[in-house]
Structures are given as structure tokens and as C-alpha cells.
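Data first, discussion second: the structure below is written as C-alpha cells.
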Amino acid sequence: MVLISVVRDYINKMLQDISGMKVFILDSQTVSVVSVAYSQSELLQKEVFLVELVDTISMSRESMYHLKAVCFLRPTSENIQLLRRQLANSRFGEYHLFFSNILKETQIHILADSDEQDVVQQVVEFYGDFMAIDPYHFTLNMASNHIYMIPAVVDPPSLQHFCDRVVDGLAALFLALKQRPVIRYQRTSDVAKRIAQETSKLMYQQESGLFDFRRTEISPLLLVIDRRDDPLTPLLNQWTYQAMVHELLGIQDNKVDLKSIGKSSKDHQEVVLSSEQDSFYKANMYNNFGEIGMNIKKLVDDFQQIAKSNQNIQTIEDMAKFVDNYPEYRKMHGNVSKHVTLVTELSKIVEERKLMFVSQTEQELACNGGQMAAFEAVTSLLNNESTSDIDRMRLVMLYALRYEKESPVQLMQLFNKLASCSAKYKKGLIQFLLKQAGVDKRTGDLYGNRDLLNIARNMARGLKGVENVYTQHQPLVVQTMESIIKGRLRDVDYPFVGNHFQQGRPQEVIIFIVGGTTYEESRSVALQNSTTSGIRFILGGSVVLNSRRFLKDLEEAQRKSRSSATVI
């Protein structure tokens, strides 16, 4: 509940103290912040009869003095200018201004000067400048996520804008949690270092008074790391419910768009997947695909029993009871139908793309050695006509990341094979991935073959066997959490910012991945938090990745880097 309840509390405070009919004015970012934490029916209960975007509402001239405007906006210069225009020609009876981050003094003066009709009732900072998609997982939904891969000299303004947005998001998160952390970063990443230093400067110098909360014995830890240290996780197919839906269908702001599926009913053009609003999803989001199938069958059986009992209406009392229970019955019907639709569609994609075979090879590449066997398996799948272009690309990338130093000749053969059998292959993209996230660039022990302890652990796991061949991979963040729990996160690899060191083990750790998180990683964090380690972990990132988004970012970064090289 941690992050979601923080955002829900802010929205409650905004809406419940203002009586009467309201219009809720949001921007393109805060609409996502609200939609993942609050349902439409809950907004209606708070007398919100209209939800509008600030840039579109500014175009309308229609007066609605009977409505009170509750604005929840990011404090950007664009939003301040849009509000300024609104206040000059006010359309609503009252304006209550809530900002999701720290307002500059100049912005407050602009708003005060614009309020000539005295319609502004309050101006408040409510620090909800992040999307709380799960209790321990947040994202910043950044559009130009590829910027983190581009050297600073290529596009300095875009990189500065990227870093500013991350710093804003992290500042809001810690203000919402009422904490000031000790900050560490991944030494090999320039962008992680820059974000860590700018965040520290904001918290300890520029706005030190705002972050001066009651001291705890041991400060929380903010660890800023780079996606390129683990390029493996976003390239793998997923087999647990939440991660699988995102990989094969895509989740945006806890919603899945099913319009492209021909048979989806009008009710299921877009479905909501929220652990707060859907008990079946909450119980099954981290289960594997086989378990989901069995649990959905039980859900359908339970619903059929209830439907059967509702058919047996004989008396007035039975009818009254059915009417009382009808909303719950309809909700259950919608929920059963939603999950059956999703799992049917996932099964169809798995069959069409032969993902059981593809994924077995992916997991072998990620978790086990054996270069010759891997080369043969990848070659066989490249030659198979049923292997899709994106799966071919991912397989060669996974092979390249694992064996870039060991088998350059075979790697070149795979490049040539990929180019000949995949029309969508972008020349040089895999080489660009290796340049960005190859073995020489990485800090962590991605394959468990650098560190003696990890080699021993992998050998033990190999001897013991794995429960499920499709879910044997563990993201690098699992090793990172283990190192933090055991006090073994090396200062030389993850230095502290400034002279703020940590004595003892932190009780709260926020891991921020520049370049984006995955649902496989958020599952690992949730499972870790369910143990009794005494440390609570929160995971955040610039976006939530699936393999398509990761490849799109890679292609965009390659294109930008090439065009800048041409100009130079």
C-alpha cells in the first residue's frame, strides 16, 4: 500500500475538503498519477463531475460558475502560463491550485498577479510527481527515455531535461515519504552519477529546509543505477501474469488496450489491471502462466455457481436479495470475463510465436553456460519460419551479450543470418547494444561468472535443478538487494555522494533505474519485501519496459548517435 496510499491520501485531501460540484483539471502527467491510484467511480463519489486537461480547457470560453475548479498540475512554466490565461478569464466559481512538486517563488508571484478576480482559494504543494503503479513500484512515464543512452555532448539540452525530470520525481517521492536519503550511484554510469549529484544538491543545499525531517538513526538509502548494467532482463520473454501481459499486450497506467483484438467486447476495449481494485489480480499477478490457467478455471467455476443460484428466483425475498447483490454480481461477471479474455489472448500469442521453444533457449542463454549448444539452438530458431522477427532479434542480442568475447566468429555468422532472414533488422543495432551495455561497460556480475560466491551459487542451483525452466532467470537487482541486506554493496562500485555516509544497515531502500524498470524486477522486489529481512525496498524508474520498448529506445538512441556523428 505504501506508494499508492501516499498518492490516494493527497487526492483525498484535495477533493474532500472542497464541498459542492467540482471540475478536476489535470495535465498529461498528473492524469496518469490520478488514474493509477483512483477510479472514476471514486471521483464521482467526491462530486467530481468533469475531468479536463489544462491545455484543452484553456481553449474553451464556456462559463461554469456553479463548478469549483480543482487543479492538480506539475509546476512547469507551460502549466503556469496556461493557468495565468485561465485566471485572467475565469470560467469557474473558485480555483483551488495543487501542484505536484516544489513551486518557484517567481511562479507564485505570476499566479498572484494573474488572480485579479480573487477566485483562487488556495495554492498548495502535494508531492505526487510520480506514478504509483504498485505498492512498491513507481515510474515517471518519460517519453524520451532513450536519452540516457546518448553521450552528453550529442544533445546537452535534452539530457539536462531528462535529468531534471528524474530529480523532480525523486524529490517528490522523498517529500511524500517525509525522508532525506543518503545517496549512492553506479560508478560506471555518467547519467546515474549526474542524477545522484543533482538530487543531493537539491536535498542538502538548495531546498535543505524542506527536506529537514525528523532524523532517524539510520537514513534511508537512494541507489541510482543504470539500465545498461542489466540489459538482459528487458530482453526476455516473461511467464508470470503481470509481466507477461506487459510483454505481449502492453500495460500503460495500469490499463491494457484490447481494441486491436477483433473479438473483444465493447466492455473490454480497455481493461484495468490494478492490485488495489481487483482481488483476483492481486492474488495472481506474480504467479506463473500454468498457475493462472488453473486459478481462472476456479474463478469461472465459482461464478457459475453464483449465476446458477441467481437463476433460482421464486419469491419476493429472493428477488430483493438478487437486486441487492446485483452490483457485486455484475462486477464479478466483468472481472471473470476480463481475465478469461486476457489469458485467451496470451495463449494465442504464445502459440502463434511458438514462445515455449523460444523462451527455453532465452533462459538457457541467460542462466547456463555452453556456447556451442547455445549457438546451435539460436541458429535453429533463426532458420525456423515460425520464429517472429522480434524473437530473432532478441535471441541474437542475448547470445551477443553472453558470448561477445568468447565467440566473435560465430557472432558474425549470427549477424549475417539475422540480416538475411529478418527484413526489420536494423544494421549495427546489436553492435550498438554491445557498445552501450557490453561486458566492459557493466558493473554487476550479470551472469554470475565473475565473483567466486556467485559461481558457487550457480553451480549449486545447477546441481539442485530448477522448478520451472521458464522462470529460472533472476534479474541483477536481486543480487543488488542481497548485497545491501548483507552490507556488501562495494563503495568502489557504488560510491556515496558528498560526505553523507551510512553507518549500519538502512531500513528503507529506494532503487531507481535510469532507463526503466521491468515487471520481473518489481516482482522480485515485492517477493523480497514479503520476507523478514528488516529492509523495505521500493523500485522506481524512468519508464516500465517490455522488450519492444527497450528495442525502440535502443533504435532511437542509435539513430540520434548516428545523425550527430554525421553532423560532426
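Data table
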item: Where a residue in region 80-108 is under 11 Å from V119 (Cα atoms) and its partner, wherever it lies, is acidic (D, E), with Cβ under 6 Å and at least six apart; result: L87/D115
item: Which numbered condition Q238 fails, given (1) open to solvent by less than 60 Å² (accessible area, probe 1.4 Å); (2) in a helix (DSSP H, G or I); (3) of a type outside the set (D, E); (4) closer than 30 Å to G534 by Cβ; result: (2)
item: L103 surrounded by fewer than 22 Cβ atoms within 10 Å (Cβ to Cβ) and assigned by the TED database to the domain that holds I18; result: yes
item: Test: residue in region 170-187 that is of a type in the set (S, T, Y) and either touching an Asp or Glu at 6+ places or on another chain (Cβ under 6 Å) or at pLDDT below 95 (or both); result: no
item: Residue match in region 158-174 (condition: over 25 Å from S561 (Cα atoms) and among the polar types (S, T, N, Q)); result: no
item: Residues within region 82-101 that are at pLDDT 95 or above and more than 19 Å from K22 (Cβ to Cβ), tallied; result: 1
item: Near pairs, Cβ below 6 angstrom, 6+ apart or cross-chain, from region 492-507 (outside the structural domain of I535 (by the TED database) and without any contact (Cβ under 8 Å) to a residue 60 or more places away in the chain) to any residue that is open to solvent by 60 Å² or more (accessible area, probe 1.4 Å) and of a type in the set (D, E); result: none
item: Among residues of region 352-380, those that are touching a helix residue (DSSP H, G or I) at 6+ places or on another chain (Cβ under 6 Å), over 22 Å from V245 (Cβ atoms) and not small (G, A, S), counted; result: 5
item: Cβ-Cβ under 8 Å pairs, at least 6 apart or on other chains, region 14-41 side free of Cβ contacts under 8 Å to residues at least 40 places away in the same chain and small (G, A, S), far side surrounded by fewer than 20 Cβ atoms within 10 Å (Cβ to Cβ) and not in a helix (DSSP H, G or I); result: S19/E47; S28/L53
item: Failed criterion for R523 (all others in (1) open to solvent by 40 Å² or more (accessible area, probe 1.4 Å); (2) at pLDDT below 95; (3) under 20 Å from L446 (Cβ atoms) hold); result: (2)
item: Boolean, N529 is polar (S, T, N, Q), outside the structural domain of P181 (by the TED database) and touching a Phe, Trp or Tyr at 6+ places or on another chain (Cβ under 9 Å); result: no
item: Check on L97, out of contact with any helix residue (DSSP H, G or I) (no Cβ under 6 Å at 6 or more places or on another chain), aliphatic (A, V, I, L, M), outside any strand (DSSP E or B) and open to solvent by less than 40 Å² (accessible area, probe 1.4 Å); result: no
item: Scan of region 430-443 for residues that are open to solvent by 40 Å² or more (accessible area, probe 1.4 Å), outside any loop (DSSP other than H, G, I, E, B) and either in contact with a Ser or Thr (Cβ under 7 Å, 6 or more places away or on another chain) or among the polar types (S, T, N, Q) (or both), ordered by number; result: Q431
item: Residues within region 544-566 that are in contact with a strand residue (DSSP E or B) (Cβ under 6 Å, 6 or more places away or on another chain) and either within 18 Å of L222 (Cβ to Cβ) or open to solvent by less than 10 Å² (accessible area, probe 1.4 Å) (or both), tallied; result: 0
item: Residue count for region 400-427, restricted to those that are open to solvent by less than 20 Å² (accessible area, probe 1.4 Å) and within 21 Å of R549 (Cβ to Cβ); result: 4
item: 2 or more residues without any contact (Cβ under 8 Å) to a residue 60 or more places away in the chain: qualifying strands (runs of 3 or more DSSP E) within region 111-215; result: 120-125
item: Verdict on S90 being in contact with a strand residue (DSSP E or B) (Cβ under 9 Å, 6 or more places away or on another chain), buried (at least 20 other Cβ atoms within 10 Å of the Cβ) and assigned by the TED database to the domain that holds V6; result: no
item: Some residue of region 112-120 being of a type in the set (V, I, T) and more than 15 Å from D27 (Cα to Cα); result: yes
item: Residue in region 162-176 that is of a type in the set (D, E, K, R), farther than 28 Å from M393 by Cβ and open to solvent by 40 Å² or more (accessible area, probe 1.4 Å) present; result: yes
item: Condition check for N384: touching a Lys or Arg at 6+ places or on another chain (Cβ under 8 Å) and at pLDDT below 95; result: yes
item: Number of the condition not met by D190 [criteria: (1) among the acidic types (D, E); (2) more than 29 Å from F72 (Cα to Cα); (3) open to solvent by less than 40 Å² (accessible area, probe 1.4 Å)]; result: (3)
item: Per-region count, region 112-167, residues under 28 Å from E94 (Cβ atoms) and among the acidic types (D, E); result: 6
item: Cross-chain or 6+ apart pairs with Cβ under 8 Å, region 513-534 first and on the phi < 0 side of the Ramachandran plot, then buried (at least 24 other Cβ atoms within 10 Å of the Cβ) and hydroxyl-bearing (S, T, Y); result: I513/S542; V514/Y148; V514/S542; T517/T139; T518/T233; E520/T233; E521/T233
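Quick grid of which residues meet (1) among the acidic types (D, E); (2) open to solvent by less than 30 Å² (accessible area, probe 1.4 Å); (3) under 26 Å from the mean Cα position of the chain (by Cα):
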{"residue": "D491", "(1), (2), (3)": "yes, no, no"}
{"residue": "P495", "(1), (2), (3)": "no, yes, yes"}
{"residue": "T517", "(1), (2), (3)": "no, yes, yes"}
{"residue": "T531", "(1), (2), (3)": "no, no, yes"}
{"residue": "F537", "(1), (2), (3)": "no, yes, yes"}
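Quick grid of which residues meet (1) at pLDDT below 75; (2) closer than 21 Å to I349 by Cβ; (3) assigned by the TED database to the domain that holds F550:
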{"position": "D278", "(1), (2), (3)": "no, no, no"}
{"position": "N287", "(1), (2), (3)": "no, yes, no"}
{"position": "K297", "(1), (2), (3)": "no, yes, no"}
{"position": "D318", "(1), (2), (3)": "yes, no, no"}
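The values are calculated or read from the model by the stated rules, or taken from the named source; none is laboratory data. Source: prediction; values computed, not measured. All Cβ positions, glycine included, derive from the backbone under ideal geometry; neighbour counts span all protein chains shown. The protein model used for the area step is the full one, side chains on, heavy atoms only, and it has no ligands, DNA or RNA in it. Shrake-Rupley method; radii C 1.70, N 1.55, O 1.52, S 1.80 Å.
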